[in-house]
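Here's the structure we're looking at; comments come further down.
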Amino acid sequence: MATIRDISKYSGISIATISRVLNAKGNVSEETRKKVLKAIKDLGYTRTDMIKKTAKKVIGIIAPGVGIHYSLIIEGIEEELKNTDYEMFIATTDQAIKKEQAIIDEFMTRKIDGFIICTSKKDDEYIEKLIQSAIPVVVVDRQESEINTDSVSIDNYTAGQKAVEYLYEKGHRKILFIDGYIYSHQPRKKAFIDFAKKKKDITLYIEQGGVTPKEGYKATKNFMKQKKDITAIFYVNDWQAMGGIKALTEEKINIPEDISVMGFDNDNYGNYLNPSLTTIHQPRKEIGMNAANLLIERIEHTCKSKVKRKILLPTKIIERESVKDISEGKIC
């Protein structure tokens, strides 16, 4: 059986560099990475990780990070695998496409039996390569993707519609949408844009944010400098909204008396913010459980259909204290 030392001797590349490639670390050129992967393939190298010693089959999970959103999805996957012969191996990309490509290549050398991928739309090309290699793949948070594979998500466009309609019914006509960069954020934004075009009496502002409290804080601060009149802010996730609330508080803006705030996800801390956060609930643990089920069925060939299955789970509005009804002067 080939070892890393054999790969080093065969390729002329140091063991330290080979280790960085295998563990998807940085500071490795694309040319060197390809040379290492070719040597791995030529020598038939496979890693003897404990993960292969303790399970009959292994599922590789790729996510941008292990924050609240993805940790809950992964928790659902883990729950579904608990009483099976499957183990999971998790890798995070930090939204770096090159890192994701290296992770996928590394997973291939480990002979992973299937993938659950929760990443950005910029990686479609790499996922297509996996599908072409006949390795089962399930994607999450990618409802609008053109990738021909099984998927589990919520209807992000409809969820965005629920949010903007809710704010509209509460009398809000001047709304700020703090954007993000995850695949699922874009249909939410489109729902707001389409609704504003249809109603005509809405003034919609869009500010680029991100996903973290720091990015929500910065985006809110940047917009407030423009001195534009708004009555409500929608954040693409609750984590981002937490930073926005801090920014508004620093600006001496009262929530919801001066500006209403609405989030997305229904994170468990939302009920303990002051004021408690009105948000959209999405069933993230159930997304993970469904994704694991779909993938196992493909790996075990219990699903013979060539038609790719797309599961959309429901969302709902969670009303708390951060949105004011300015048409009747009530707090919802």
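FYI, it's all coordinate maths here, none of it is from the lab. All figures in this text were calculated on a predicted structure; none of them were measured in a lab. In this analysis, Cβ positions are derived from the backbone assuming ideal geometry, glycine residues included, and neighbour counts consider all displayed protein chains.
Show me the ranking of peptides 266-272, 283-289 by mean Cβ neighbours inside 10 Å, starting with the highest. Mind dumping the intermediate values first?
Working: 266-272: 15.3, 283-289: 21.1.
Most protected by this proxy first, the peptides run 283-289, 266-272.
Under 5 Å from the amide H of A232 lie the amide H atoms of K174, L176, S260, each residue being 5 or more positions distant or on a separate chain, with H modelled from the backbone and absent for Pro and chain starts.
Take 200-208, 57-65 and order them by the average number of nearby Cβ atoms within 10 Å per residue, most first; the result is 57-65, 200-208. Straight-distance candidates among the lysines for linking to K56, with alpha-carbon spacing under 26 Å and chain neighbours fewer than 8 residues away dropped: K41, K82, K111, K129, K285, K304, K306, K308. Per-residue 3J(HN,Hα) values for the stretch 207-223, derived from phi via the Karplus relation 6.51 cos²θ - 1.76 cosθ + 1.60 with θ = phi - 60°, read 10, 6, x, x, 10, 9, x, 4, 6, x, 4, 5, 4, 5, 4, 4, 5 Hz in sequence order (x marks Gly and Pro). Structure note, pairs K221/K324; K199/K252; K35/K310; K57/K316: Cα-Cα distances above 26 angstrom occur for K199/K252; K35/K310; K57/K316.
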